[in-house]
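The values are calculated or read from the model by the stated rules, or taken from the named source; none is laboratory data. Values in this document were obtained by computation on a predicted structure and should not be read as measured data. A quick note on method: Cβ atoms are made from the backbone with ideal geometry, for glycine too, and the neighbour counts reach across all protein chains shown. For the accessible areas, the whole protein counts, side chains as well, though only heavy atoms, and no ligand, DNA or RNA atoms are used. Shrake-Rupley method; radii C 1.70, N 1.55, O 1.52, S 1.80 Å.
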Amino acid sequence: MTDLDTRPAVDWLALGAVTITVVSWASAFVAIRGVGESFGAGPLALGRLLIGSFALGAIVLVRKQWVKPNRTQWLQIVSIGVFWFGIYNVALNAAEQRVDAGTTSMIIQIGPILVALFAGLLLGEGFPRWLVIGAGIAFAGAVMVGVVTAVTTTSTTKTDADFLGIALCLVSAVTYAIGVLSQKPVLRTVPGLQVTWMACTIGMVCTLPFAPALLDDLGSASAGATGGLIYLGLVPTALAFSTWAYALTRMNAGKLGITTYAVPPITIVLAWLLLGEVPHVLAVVGGVICLVGVGLSRRR
């Protein structure tokens, strides 16, 4: 019997952490679109990671909990930082300059499928029946959300998705999966907050070549755009990645990855409220299907 088998049917702390993560990451798609005209893809990634690194570093310093990583753990943390924090953020920002938020969030949901697949193969988590069923249903809902959003034209929705934009979305999905799979093993012995700060800082270092461009963008950005950049650093980065790491220590990677299928419908709702993008009725249906799939994937 594993530790997961002896835990309560509902781990409310893990559920709360997952909820914060999902809502925060959904809001990031909207925020990136909101500030994308003021900041380039690379500068936006650097600014977000710089703010996140300082915020996380301050908490790590106050808590004074530090575990010295061994060589293998260092390689895992560097992998998280380079792929998930560095490449993922630049690719995502560039993708959202070419593809609308709903389609972007849908394509990135290929990532959780990869996580569930390789977590079963490489981390020994197996392929529980309800996980497979829930993943399939949630993916179908995500596809519906993305496709409907892509073909629905409003005054604020970008529908000129090109090959490069789709390719960048796929890069984001793959680097997300690599990050999650690298993170799960290291969290068994190294505190989640420490791992998140180290990875965020490594990602920030990777994007330092964009520093001159970031300074130029900050000089011409509006107060609202700068505020959006600060929000991206504090909430979807510092807060959400920390709550994700906490949840990953209490759930298997496959199931946790599938919960991100709730991101596309939440993204649509937030874009509706904050950007005035009215969702198509079929996008709403797709969102409900996503949530049903997530719920089924959580069954034992």
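Odds and ends about this structure:
- For the range 16-135, the solvent-accessible area of protein heavy atoms averages 40 Å² per residue (probe radius 1.4 Å; ligands and nucleic acids excluded).
- Sorting the segments 68-74, 132-138, 224-230 by their residues' average number of neighbouring beta-carbon atoms within 10 angstrom, most packed first, yields 132-138, 224-230, 68-74.
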